[in-house]
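Each remark here refers to the structure printed beneath this line.
The values are calculated or read from the model by the stated rules, or taken from the named source; none is laboratory data. All of these numbers come straight from a predicted model, not from anything done at the bench. Using ideal geometry, Cβ is built from the backbone for each residue, glycine included, and neighbour counts are taken over all protein chains shown. Please note that ligands, DNA and RNA were not included when accessible areas were found on the heavy atoms of the full protein model with its side chains. Shrake-Rupley method; radii C 1.70, N 1.55, O 1.52, S 1.80 Å.
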Amino acid sequence: MKTYTAKQIAEVLGVDTASLLMPDAEIRHITTDTRRVESPAHTLFFALSGSMHDGHAFIHDALDKGIKNIVAEKDPGKSSMDANVYIVPDSLRALQKLAAHHRVSFTDIEVIGITGSNGKTTIKEWLYQMIQDRQVVKSPKSYNSQTGVALSVWQIRPGDRLGVFEAGISKMHEMENLQNMIRPDIGLFTMLGDAHAEGFSSLTEKLSEKLKLFRDAHTIIFEEDDLIVSMAIREEYGDKNLKSWGWSQNASLFRIMDIQKSNYQSRITIELDGKPESLIIPFSDAASTENSLHCIATMIVLGFDIAGINEALKRIQIIPMRLEMKNGLQGSILINDTYNADIQSLKIALEFLSQQSGSREKVVVLSDFMQTGLDESTLNHRLAALIQNHGITHLIGVGVAVASLEKHLDPFILFSSYGSTDEMIHNLPSLDLKNKAILVKGARIFRLERLVDALSEKAHTAVMETDLQSVEFNLRYFSEQLSQGTRLIAVIKASAYGSGSEELARFLEFRKVAYLAVAFIDEGIQLRKAGVMLPIIILNPDRNGVLDMIRYDLEPEVYSPEQLREINGLMASGEQKPFNIHLKIDTGMHRLGFMAEDLNDMCRLIAENKLLHVSSVFSHLSSSEDPGDDAFTHEQVNKLNTYFDEIVSHLGYRPMKHILNSAGIIRFPQYHFDLVRLGLGLYGIDTTETITTKLEKVHTLKATVVQIKHLNTDEYVGYNRRGKLESPGKVAIINIGYADGLMRRAGNGRYSVRIHGHDYPIIGNVCMDLTIVNIFTNNDIKVGDEAIIFGKDKPVEVLASVCDTIPYEIISRISGRVKRLYVQG
């Protein structure tokens, strides 16, 4: 990496160099997250102020980790006396200013800037896979935001000959900052869609803002058939070198003549320089075809011939834009990141491993790294530093070059090495991987997905997928709605609404929510044993579990005088240590909670036990999503306020107060108080029906086609012969039934599952383990194909409506035998 002195950094940021304690300090790395520190002595930390967290609160953490250079908007005080502190008006702008300076310092690199509504990350990753004749630097994963672009551009290092960076915006006036950092020589526009459209008054306005990325580019690549885009580009940048492709005769680079699709690939014939050329792409779906054509156009602009492009197309793979986590053998957990091997993606994967490992020992399986542009010694030093910084206990190498990494590791890290993936699979019985957290990371050529399969727990092939990136998106959205000073309780009861509480709890702890809330004591104990340290509220505590809650530092909901008496009695005979409780007040729902006539007794019992501390006083709204019940909602809040004031007068101190759930957060901002409880909203379910488009669905329930049958109209389907085809056709049997959580009411044509992007109705009754689907005369559906029950574009609310229930019941009843898979972008 290029090295800057502290003095040079100060000059770029406009900070008085005389204020620096160590002007000659060398800086090679930048970070906005103190959990992501590679080399503290050479790292510059930017304290960014965001909607969820204020980076200034983590300056002390940065200093504790050995970071000696801090960019902040306010003086952190005496604790930073032995560090360089760069005080700036806006930390984000300072970060972008430094990234822009870094970019222009490299004059011998050609940069491609990609924008559009969809496909940016896929095209960027495919170009990285295809281009092997020069050293390429790219955005990690989907780093395309105001912060992400700055961190991406900082990755440029001496020797890089091509940069590929993506730029994403969500509102007006954002692209100028991204353009200033990327400064693309070649611009690529993917397509115009309605993603993030809420930040713009129209699609035209959104397009105009996106096109600002190409202000100084000499060449722009785009699809001619996308008329709105092509017309806007020609109007705005008619004087530039415009390279378009498409079916249209107006396409200036190449014209598509024919596309022949089979099951797994497509043959595309194009007219290039007046003659036909044939290209084969390893996909047949429309989105991948369009993305491939953008890559082909870019390769032509970069000077590659058709033969070279065809060879390069063989290397591209469907990109899992996310890390996958699943259960492994012998109580282990597996993180699958087997599609490439580069340092930036390894950093991201190691951070995810550290986030999810809990108390488990961490094991990394790592293949040879290829085409990094680094010599062996430099590469190994960087890999060793990452491995050691993340507390890895066992590193397993697969390949030849990776074996040399051993001498760079601390001696306490166990190292094993195998020449090939097959050799490691053969030796699995000799490895101690019981109860470990295992990251499998490597280049595609090593086919480490076979190792992941060998290490995976063999479970029911129906899968409940939880998208952790969408959880984070929803968490950020709700955080942005909160009043100043209000904090979040993340409700993860019922196994986190079907997601799996342990994995999600570690993820939320990493995102620094204030509290977790679970239903039962054993759920809280499980989280503690998994290493989760956040405060945990138990919403339905068993009366005989008080001592367990004290032992595991769990905080119960207390709702009756009888429960308080039992707590006092057990604490008197047990361990003498403080015990946090949360008082539940019944304000009209008449479920659990203290009634008005209980308050004096409650306060007296609390006063008798000096070890009890009331952390919060709260209640539950009965109809927060229903405008027709708003008068009753206000009445409930008024009661809570009255009871709260009375309780405070007896306690002599002020606990926290809360009453709102997900719907209440949106509909009653005046009642945010100290805490809010975020449950269904965290998973992208909007019971208010007002913010559905602003949330992302978290859950996807998938099954697999296990058999296909041809049937005539005189044949019946399923139990009690409830199903019958109206015309000769085919049925597909998928491996999910009511024992997995697909309710029987979904059968007999009332609900459809999605295969290859089309919906097919369930025929006959849903069986215990299987469901039969009418696929009519479709010849493309094969055994092994995926069937989506609900997911991102097939809302669970539709299934709930068909089954006359609520989404919460659908999700929480998904059986434990359905495999859980966790993914993160």
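Observations on the model:
- Single condition Ile666 does not satisfy, out of (1) farther than 19 Å from Lys584 by Cβ; (2) at pLDDT 95 or above; (3) touching a helix residue (DSSP H, G or I) at 6+ places or on another chain (Cβ under 6 Å): (3)
- In segment 269-283, the qualifying residues are those that are among the β-branched types (Val, Ile, Thr) and out of contact with any helix residue (DSSP H, G or I) (no Cβ under 7 Å at 6 or more places or on another chain), and the one that is least open to solvent (accessible area, probe 1.4 Å) is Ile270.
- For segment 589-612, filtering for residues that are in contact (Cβ under 8 Å) with a residue 12 or more places away in the chain and in contact with a helix residue (DSSP H, G or I) (Cβ under 9 Å, 6 or more places away or on another chain) leaves 15.
- Tally of residues being more than 21 Å from Glu205 (Cβ to Cβ) and either open to solvent by 30 Å² or more (accessible area, probe 1.4 Å) or within 17 Å of the chain's Cα centre (by Cα) (or both) across segment 130-150: 11
- Matching residues, segment 45-73, being of a type in the set (A, V, I, L, M, F, W, C) and either assigned to a helix (DSSP H, G or I) or more than 25 Å from the chain's Cα centre (by Cα) (or both): Ala57, Phe58, Ile59, Ala62, Leu63, Ile67, Ile70, Val71, Ala72
- Residue list for segment 514-534, filter: crowded, with 22+ Cβ neighbours inside 10 Å, more than 19 Å from Glu361 (Cα to Cα) and of a type in the set (A, V, I, L, M): Leu516, Ala517, Val518
- Pairs with Cβ under 8 Å, 6+ apart, first in segment 119-131 and part of a helix (DSSP H, G or I), second open to solvent by 10 Å² or more (accessible area, probe 1.4 Å) and among the β-branched types (Val, Ile, Thr): Thr121/Ile319; Thr122/Ile319; Glu125/Ile319; Trp126/Ile319; Leu127/Val136; Tyr128/Val136
- Exactly one residue among Val773, Val823, Val783 is open to solvent by 30 Å² or more (accessible area, probe 1.4 Å), touching a residue at least 24 places away in the same chain (Cβ under 8 Å) and in contact with a strand residue (DSSP E or B) (Cβ under 6 Å, 6 or more places away or on another chain), and that residue is Val783.
- Qualifying residue in segment 719-738 (condition: assigned to a helix (DSSP H, G or I), under 27 Å from Gly679 (Cα atoms) and among the hydrophobic types (A, V, I, L, M, F, W, C)): no
- Answer from Asp804, Asp759 - the residue that is at positive phi, open to solvent by 60 Å² or more (accessible area, probe 1.4 Å) and not polar (S, T, N, Q): Asp804
- Single residue of segment 386-426 satisfying the filter (in contact with an Asp or Glu (Cβ under 6 Å, 6 or more places away or on another chain) and over 18 Å from Arg444 (Cβ atoms)) that is modelled with the lowest pLDDT: Gln388
- Segment 23-44, subset among the acidic types (Asp, Glu) and not in a strand (DSSP E or B), residue modelled with the highest pLDDT: Asp24
- Of Arg591, Arg604, all but one fail to be of a type in the set (Lys, Arg) and not in a loop (DSSP other than H, G, I, E, B); the exception is Arg604.
- Annotation note: of Phe673, Phe644, Phe594, Phe668, the sole residue that is closer than 30 Å to Leu504 by Cα, among the aromatic types (Phe, Trp, Tyr) and open to solvent by less than 10 Å² (accessible area, probe 1.4 Å) is Phe668.
- Every residue from segment 111-129 that is surrounded by fewer than 23 Cβ atoms within 10 Å (Cβ to Cβ) and among the aliphatic types (A, V, I, L, M): Val111
- Inter-residue pairs, beta-carbon under 8 Å, first among the aromatic types (Phe, Trp, Tyr) and in segment 638-663, second in a loop (DSSP other than H, G, I, E, B) and surrounded by 14 or more Cβ atoms within 10 Å (Cβ to Cβ), 6+ apart: Tyr643/Thr587
- Ser80, sole failed condition from (1) closer than 18 Å to Asp33 by Cα; (2) modelled with pLDDT under 95; (3) small (Gly, Ala, Ser); (4) surrounded by 24 or more Cβ atoms within 10 Å (Cβ to Cβ): (4)
- Residue that is nearest to the chain's Cα centre (by Cα), among those in segment 216-231 that are surrounded by fewer than 16 Cβ atoms within 10 Å (Cβ to Cβ) and in a loop (DSSP other than H, G, I, E, B): Asp216
- Figure legend. Inter-residue proximity from segment 280-293: first residues touching a residue at least 24 places away in the same chain (Cβ under 8 Å), second residues among the hydroxyl-bearing types (Ser, Thr, Tyr) and in a helix (DSSP H, G or I), beta-carbon distance below 6 Å, spacing 6+ or different chains. Indicated pairs: Ile281/Ser292; Asn291/Thr122.
- So Ala10, is it modelled with pLDDT of 95 or more, more than 22 Å from His381 (Cβ to Cβ) and not hydroxyl-bearing (Ser, Thr, Tyr): yes
- Condition check for Leu433: open to solvent by less than 10 Å² (accessible area, probe 1.4 Å) and either closer than 20 Å to Ile333 by Cα or outside any helix (DSSP H, G or I) (or both): no
- Selected residue [in a loop (DSSP other than H, G, I, E, B), within 23 Å of Leu539 (Cβ to Cβ) and under 38 Å from the mean Cα position of the chain (by Cα)] from Leu621, Leu640: Leu621
- Some residue of segment 354-363 being open to solvent by 30 Å² or more (accessible area, probe 1.4 Å), over 17 Å from the mean Cα position of the chain (by Cα) and small (Gly, Ala, Ser): yes
- Put simply, of Val717, Val698 the only residue that is in contact with a helix residue (DSSP H, G or I) (Cβ under 8 Å, 6 or more places away or on another chain), surrounded by 17 or more Cβ atoms within 10 Å (Cβ to Cβ) and at pLDDT below 95 is Val698.
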